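Notes follow the structure.
The values are calculated or read from the model by the stated rules, or taken from the named source; none is laboratory data. Note that this is a predicted model, so its numbers are computed, not measured. Don't worry about glycine lacking a Cβ; one is built from the backbone with ideal geometry, like all the others, and counts go over all protein chains shown.
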Amino acid sequence: MEEVYFRDINFKEEGVIQDKIIKGNILFNDFDFYQANFVNCEFNNITFVSNTKRAITYFQFTKCKINRIDINCFVDHICINDSEVHVLKQENGETRFIEIFCDEAEKNFMNYLMLFNSTSQQLSIKNYRINTLYLRGLKVLQSLTIDNVIVIQNFSIIGCFIKDGNILNTICKSDFSLANFELDTELYLGYLDCNRVRFNNKLRNLNLILSNIKCKYIRFQNFDVINSTFKLDKISVSEELLMLESDFGNSYFVDCNFTKCRISISFPILTSIKSLNLNFSNNVNYYNQFGDATKEKEITEIAEFYRQLKFNAISQDNHYTALEYYSKEMNCYFTSLKNLNDFSYKLGGKNKFINLLLKWTFEWIYDFYDLVIHSIFKSKNPFEGFRVWVFKYTNNFGLDWVRPAIIYVIVSYLLFVIANDDYSFTLSLKFSALIEPNFPQFLNPINKFSFSEITNQKTFKTSLVELIAIITQGFLIYQIIRGFRKYVLK
């Protein structure tokens with residue numbers, strides 16, 4: 001390749017400069033030629049210093065190697081085609097069209113693309129690998145297009161105005177950040193694969209659509225939707241979703257899978273969102289940013305999160321989902337009433353199976369002592385604790401019908417044995433009572449015969465047991481029916 005000095009090139013006569021090594025630093029200062037087309041050339045530094053006449057010049061770099069491009073003035077059109085660029089920086093500059101692209105099969109590399117406090121009519125980046133893509137204070141007056149781009153480090157759009165934007169088929173291996181930006185019509189982000197996505201902005205009178213995005217981490221902080229359309233469509237998060245002090249307004253959540261990640265919240269507002277196939281994991285925790293929140297505050301905040309989702313589901317006639325959120329809300333309330341540590345903390349065994357078996361067997365007794373008996377010593381309301389304890393362990397606040405059905409049979413059997421003088425609490429007679437012909441009659445919830453008529457026994461004990469059975473069986477049947485609601489609600 002021939003080495004030439006930049007001052008020796010006559011752009012008015014030479015249409016294409018090809019296979020040259022341009023020596024020294026290049027300064028484009030008040031240029032008056034129509035075009036500069038470089039093919040397979042090598043450069044050190046290129047600086048667009050001034051263009052006081054605002055000359056309409058087309059600059060194209062094809063299959064070139066460039067150390068650095070600085071744009072500090074008005075440039076009409078810059079096209080970088082399949083060129084390797086270390087740094088492209090525009091600061092306080094103005095362009096009509098910046099176009100960066102290469103063949104899809106062979107993505108070329110740019111280390112830094114940084115546009116600061118500048119204005120461009122159009123910005124298009126396609127089929128490129130970029131280490132850091134940083135847009136700050138940029139005004140895109142017509143359209144922004146980023147398609148099939150791999151960003152290795154950080155991708156940031158901060159304090160920018162974008163009239164219309166599309167970011168498609170982009171992989172960001174580190175952080176993708178949107179903050180303090182403005183839109184005139186719409187910004188569409190689709191088919192993105194990112195490590196971290198951050199939103200820190202107030203949306204006012206604009207449309208922001210995120211579709212088909214996979215990432216490990218999404219953070220919404222101080223994110224408010226005001227007279228705008230914000231839509232999340234087919235979003236999957238694998239590690240953590242943070243919703244911090246954000247008002248999502250009338251946002252749309254469609255086919256969003258948040259079941260595999262941790263949910264961290266701090267005063268989000270979700271009462272007005274529209275959702276379809278929106279699923280959250282059970283791993284919800286309060287994001288204690290300043291470290292001053294009490295355990296009661298954390299539980300209350302999580303309960304409020306589920307309460308908002310419950311009312312939102314009810315407003316959309318999605319009663320099945322509302323029932324699930326109600327159960328989670330009440331489980332948080334159940335936890336807030338507890339005075340002691342969870343029963344699992346009392347188990348010190350190394351065998352997880354044995355610990356789990358003991359937990360299932362004795363936890364309900366431990367919680368009864370905690371919420372009812374221990375509450376008396378704590379000057380709390382034991383009746384409220386008893387009410388919540390009953391609804392928790394009979395059907396998990398309306399989600400389980402098997403548990404109350406089993407309790408119904410066990411309690412009915414115990415009352416039947418107690419009332420019947422022919423039986424005592426021996427192991428053999430317990431089993432024989434189950435096949436007693438009168439026992440199924442005693443189980444029948446629409447039984448028209450009293451216990452004394454079934455057994456031909458009429459004593460105070462049988463009358464008292466029958467009264468207790470009517471109350472207990474009626475309550476358990478009610479719990480079974482509540483547990484079946486999720487199969488008929490839509």
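Figures for the structure shown
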| read-out | value |
| --- | --- |
| Qualifying residue in segment 8-15 (condition: part of a loop (DSSP other than H, G, I, E, B) and of a type in the set (Val, Ile, Thr)) | yes |
| Inter-residue pairs, beta-carbon under 8 Å, first under 14 Å from Thr62 (Cα atoms) and in segment 17-33, second modelled with pLDDT of 85 or more and assigned to a loop (DSSP other than H, G, I, E, B), 6+ apart | Ile17/Cys41; Gln18/Asn40; Gln18/Cys41; Asp19/Asn40; Asp19/Cys41; Lys20/Cys41; Ile21/Cys41 |
| Qualifying residue in segment 47-63 (condition: of a type in the set (D, E, K, R) and under 44 Å from the mean Cα position of the chain (by Cα)) | yes |
| Wholly within segment 222-321, strands (runs of 3 or more DSSP E) carrying at least 1 residues that are closer than 22 Å to Asn201 by Cα and in contact (Cβ under 8 Å) with a residue 24 or more places away in the chain | 224-226, 229-244, 252-258, 262-266, 274-280 |
| Test: residue in segment 144-163 that is of a type in the set (Asp, Glu) and closer than 19 Å to Ile218 by Cβ | no |
| Which numbered condition Ile125 fails, given (1) under 18 Å from Ser156 (Cα atoms); (2) more than 37 Å from the chain's Cα centre (by Cα) | (2) |
| Every residue from segment 457-490 that is outside any helix (DSSP H, G or I) and either of a type in the set (S, T, N, Q) or under 20 Å from Arg387 (Cβ atoms) (or both) | Gln457, Thr459 |
| Residue tally, condition surrounded by 14 or more Cβ atoms within 10 Å (Cβ to Cβ), charged (D, E, K, R) and touching a residue at least 24 places away in the same chain (Cβ under 8 Å), over segment 349-389 | 4 |
| Test: residue in segment 166-176 that is within 23 Å of Thr119 (Cβ to Cβ) and assigned to a strand (DSSP E or B) | yes |
| Complete set of residues in segment 247-262 that are under 14 Å from Ile235 (Cα atoms) and either surrounded by fewer than 16 Cβ atoms within 10 Å (Cβ to Cβ) or in contact with a Ser or Thr (Cβ under 7 Å, 6 or more places away or on another chain) (or both) | Phe253, Val254, Asn257, Phe258, Thr259, Lys260, Cys261 |
| Within segment 397-417, tally of residues that are surrounded by 20 or more Cβ atoms within 10 Å (Cβ to Cβ) and within 18 Å of Phe362 (Cα to Cα) | 1 |
| Any hit, segment 150-158, residues being within 23 Å of Ser211 (Cβ to Cβ), among the aromatic types (Phe, Trp, Tyr) and not in a strand (DSSP E or B) | no |
| Any hit, segment 66-83, residues being among the aromatic types (Phe, Trp, Tyr), surrounded by 15 or more Cβ atoms within 10 Å (Cβ to Cβ) and in contact (Cβ under 8 Å) with a residue 24 or more places away in the chain | no |
| Output for segment 190-207, where each listed residue is of a type outside the set (Phe, Trp, Tyr) and closer than 21 Å to Phe267 by Cβ | Val197, Arg198, Asn200, Asn201, Lys202, Leu203, Arg204 |
| Members of segment 24-49 found to be over 27 Å from Asn92 (Cα atoms) and part of a strand (DSSP E or B), listed by number | Val39 |
